[in-house]
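The values are calculated or read from the model by the stated rules, or taken from the named source; none is laboratory data. Everything numeric here is computed off the predicted structure, so don't read it as measured data. Heads up, the Cβs are rebuilt from the backbone with ideal geometry, glycines too, and the neighbour counts pull from every protein chain shown. Ligands, DNA and RNA are excluded from the accessible area calculation, which covers all protein heavy atoms including side chains. Shrake-Rupley method; radii C 1.70, N 1.55, O 1.52, S 1.80 Å.
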Amino acid sequence: HMLKIHQRLGLIATVPIVASVITGTGAGGKSTSTTDRWVHLALGSAAGDLYFTSAYFAIFAPKIPGTETRGPIRLHKALAWIHGPGMILTPILGAIAFDQKSRGDKVHGIASAHSAVAIVTAAAYGAAIVSVSFKF
C-alpha cells in the first residue's frame, strides 16, 4: 500500500518539477520580474513537498524479509542517490539565489550552480520514473 502511494505521489510530483524547470528560465535572467521568481519558488516548493512525501512512503514501506532487489528497481534505487541529494541541495541553492536576486545582485558563488543542480536532479528523477515504467 505504501509503495502504491509512493508511485502516485511520485508521478504527481513530476508536474511541479517540470513546471519549475520551465519557469526557472524566466526566474534568473536580467529582465526577470519578482512575480516570475515567486511563481518559480511556489512550484519548486510544491515539487519538494510532493517529492519528500513520496520518498517517505518508499523509505518507510515494510520490507519483506528475504526478497532481493533486482532488475529495474535496482536502477530506480540507484538513481535515488542522485535525485535525493539534488532535491535537498536545489532548494538551498535556490534560496540563496532568490535572496541575491531580490537584493538586486547578480546570482554568484555557489548559488550560480542552482540551475545546473536542478536540471541534473530533474533528469535523474525522470530516468528513475522511466526505469520502472517499461519492462526490460
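Angle of helix 34-59 to the longest C-alpha principal axis of the chain, folded into 0 to 90 degrees and rounded to 10: 20°. Working from label points 7 Å from Cα in the Cα-to-Cβ sense, the Ala42 to Thr69 distance is 3.7 nm. In the assembled protein chains, Ser33 presents an accessible area of approximately 40 Å² (probe radius 1.4 Å). Expressed as a whole percent, the proportion of Cα-Cα pairs in the chain lying more than 27 Å apart is 26%.
Computed from phi, the 3J(HN,Hα) profile of the range 82-98 under the Karplus parametrisation 6.51, -1.76, 1.60 (θ = phi - 60°) reads 9, 6, x, x, x, 6, 7, 6, 4, x, 5, 5, x, 5, 5, 5, 4 Hz, with x in place of Gly and Pro.
Here the label points at Lys77 and Ala127, each 7 Å from Cα along the C-beta direction, are separated by 1.8 nm in the simple model.
Residues in the range 71-128 average 56 Å² of solvent-accessible surface per residue, probe 1.4 Å, ligands and nucleic acids excluded.
Against the chain, whose longest principal axis comes from its Cα atoms, helix 114-131 is set at around 20 degrees. Remark: spin-label model distance Lys106-Ile22 equals 3.0 nm, labels positioned 7 Å along the Cα→Cβ axis. Note on the chain: with a GNM built from Cα contacts shorter than 10 Å, the maximum mean-square fluctuation among Lys77, Lys101, Lys63 falls on Lys63. Estimate the FRET efficiency between Ala116 and Leu3 by the formula 1/(1 + (r/R0)^6), using the beta-carbon distance for r and 30 Å for R0, to the nearest 0.05. The calculated FRET efficiency here is 0.45. Angle of helix 2-27 to the longest C-alpha principal axis of the chain, folded into 0 to 90 degrees and rounded to 10: 20°. Within the shell defined by Cβ-Cβ distances under 13 Å, the residues around Ala128 carry a net charge of +2, with Lys and Arg each +1 and Asp and Glu each -1.
Ligands, DNA and RNA left out, the accessible area of the chain computed with a 1.4 Å probe is 70% carbon and sulfur. Computed over Cα pairs, the Kirkwood radius of the range 96-136 leads via Stokes-Einstein (1.002 mPa s, 20 °C) to a diffusion coefficient of 177 µm² per second.
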